[in-house]
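One structure is given here, and the rest of the page talks about it.
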């Protein structure tokens, strides 16, 4: 805008100059003057009261009501100050001449749009610069010097508003971004975190901001969406889902991502039914995992984790390229006569996923019969037979041991499925049986009988 003033403004400035030049030049002593005396200043200028031939302490009174030695002006007007001090030993009050000031406001640039700054194909938007005065100058980044501009292309648009008048020079700048979408635009689908998760699990997706509507193929209508991968898409083994997105803009146009994004969850495998719960494995046997399907051309590996039940928290793993884990390949080696909590998880492309349910297995002593877990063979060839009945039982159990060696102590230990020792007894070799378990809670227990180098393990169930 051209820097001009209306006739009223020119008349005001002429009055200001006339009053300034008509002030008596005769110096008065003592005296006070206002500095600067204008007549044109920027908003925020500080006016100081400067005394001559007057001794402090001083007291001040401005026509604005201020009582300080200086004030800050923000409005056009006439200003005067009175000062009380000492002159020739007497209290004396002096007043300044009236000072007319024309105050140039500071700029505070901002940009307003007459609609959305996200544009459909063929649309435009008017950008208007605010924060200036009728005499302000406007300088846009596209070269325009108008108060407003019309744009239809993507970019950052900035405007600098300046007030340059007399000794006052101020300017501020504002910027706004305009995004113009063409018909080939494909909205982004952004993953917040991994797009392959353990099943069940959530995949978090988000779309770009700035649109007036969102339509996901899952039915969600928000900018962000959380997708539960619970195996309902393509069966219990591998959960795969392609998610599509359509965005709307100003009720005028919409854009679709035709490719979508493929999200998956990986099965949490566990030992097969035939492998789980077996307590009479040997150190050369193998256990078998459920299958996990090939994913993105990566053939799954299977990581088996072992935990000896009497040492909870101490675990080790064996990584197999097949669904089988042979105990002979596991390090540290599994020990005969011990019980282990075992779980398995898929490793795909080097990334391990979630473990499945824990299963308990047991290894019999090397000399334990592989036919009956309650019969052990001593090194001298004789057998140690242990019978527990009734089994299951809702009250107590009775343990009967045959072929006892009366010269050796016989211990009986009762452990729960975690391997925790619940009770321990010494079997009286002169007795026909041992009654136990009346105080046991409902559940599965293991009764271990040991005499010398022979050990017998029997699984019992306590019911209501």
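Tabulated data
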quantity: Residues of segment 188-219 classified as assigned to a loop (DSSP other than H, G, I, E, B) and more than 15 Å from residue 242 (Cβ to Cβ), total; calculated: 11
quantity: Some residue of segment 190-210 being within 23 Å of the chain's Cα centre (by Cα), modelled with pLDDT under 95, surrounded by fewer than 14 Cβ atoms within 10 Å (Cβ to Cβ) and closer than 24 Å to residue 125 by Cα; calculated: yes
quantity: Failed condition for residue 128, given (1) outside the structural domain of residue 30 (by TED's automatic domain parsing); (2) assigned to a strand (DSSP E or B); (3) surrounded by 16 or more Cβ atoms within 10 Å (Cβ to Cβ); calculated: (3)
quantity: Scope segment 147-174; condition in a loop (DSSP other than H, G, I, E, B) and in contact (Cβ under 8 Å) with a residue 60 or more places away in the chain; matching residues; calculated: 147, 166, 167
quantity: Of residues in segment 116-145 being out of contact with any strand residue (DSSP E or B) (no Cβ under 6 Å at 6 or more places or on another chain) and touching a residue at least 60 places away in the same chain (Cβ under 8 Å), the one farthest from residue 252 (Cα to Cα); calculated: 135
quantity: Flag if residue 159 is buried (at least 17 other Cβ atoms within 10 Å of the Cβ), closer than 30 Å to residue 41 by Cα and either at pLDDT below 95 or touching a strand residue (DSSP E or B) at 6+ places or on another chain (Cβ under 7 Å) (or both); calculated: yes
quantity: Filter pass, residue 86 being part of a strand (DSSP E or B), surrounded by 16 or more Cβ atoms within 10 Å (Cβ to Cβ) and in contact with a strand residue (DSSP E or B) (Cβ under 9 Å, 6 or more places away or on another chain); calculated: no
quantity: Flag for residue 183 being part of a loop (DSSP other than H, G, I, E, B) and either touching a residue at least 12 places away in the same chain (Cβ under 8 Å) or farther than 15 Å from residue 109 by Cα (or both); calculated: yes
quantity: Any chance residue 334 is surrounded by 20 or more Cβ atoms within 10 Å (Cβ to Cβ), modelled with pLDDT of 85 or more and touching a helix residue (DSSP H, G or I) at 6+ places or on another chain (Cβ under 8 Å); calculated: yes
quantity: Count of segment 437-456 residues which are buried (at least 20 other Cβ atoms within 10 Å of the Cβ) and closer than 16 Å to residue 390 by Cα; calculated: 4
quantity: Residue tally, condition farther than 14 Å from residue 48 by Cβ and in a loop (DSSP other than H, G, I, E, B), over segment 65-79; calculated: 5
quantity: Some residue of segment 402-417 being in a strand (DSSP E or B), modelled with pLDDT of 90 or more, out of contact with any helix residue (DSSP H, G or I) (no Cβ under 8 Å at 6 or more places or on another chain) and farther than 26 Å from residue 308 by Cβ; calculated: no
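Here is a yes/no grid of residues against (1) in contact with a helix residue (DSSP H, G or I) (Cβ under 6 Å, 6 or more places away or on another chain); (2) surrounded by 12 or more Cβ atoms within 10 Å (Cβ to Cβ); (3) at pLDDT 95 or above:
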residue	(1), (2), (3)
18	no, no, no
22	no, no, no
30	no, yes, no
39	yes, yes, no
44	no, yes, no
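The values are calculated or read from the model by the stated rules, or taken from the named source; none is laboratory data. Note that the structure is a prediction, hence the values are computed from the model and not measured. Cβ sites come from the backbone with ideal geometry, for glycine too, and all protein chains shown count toward neighbours.
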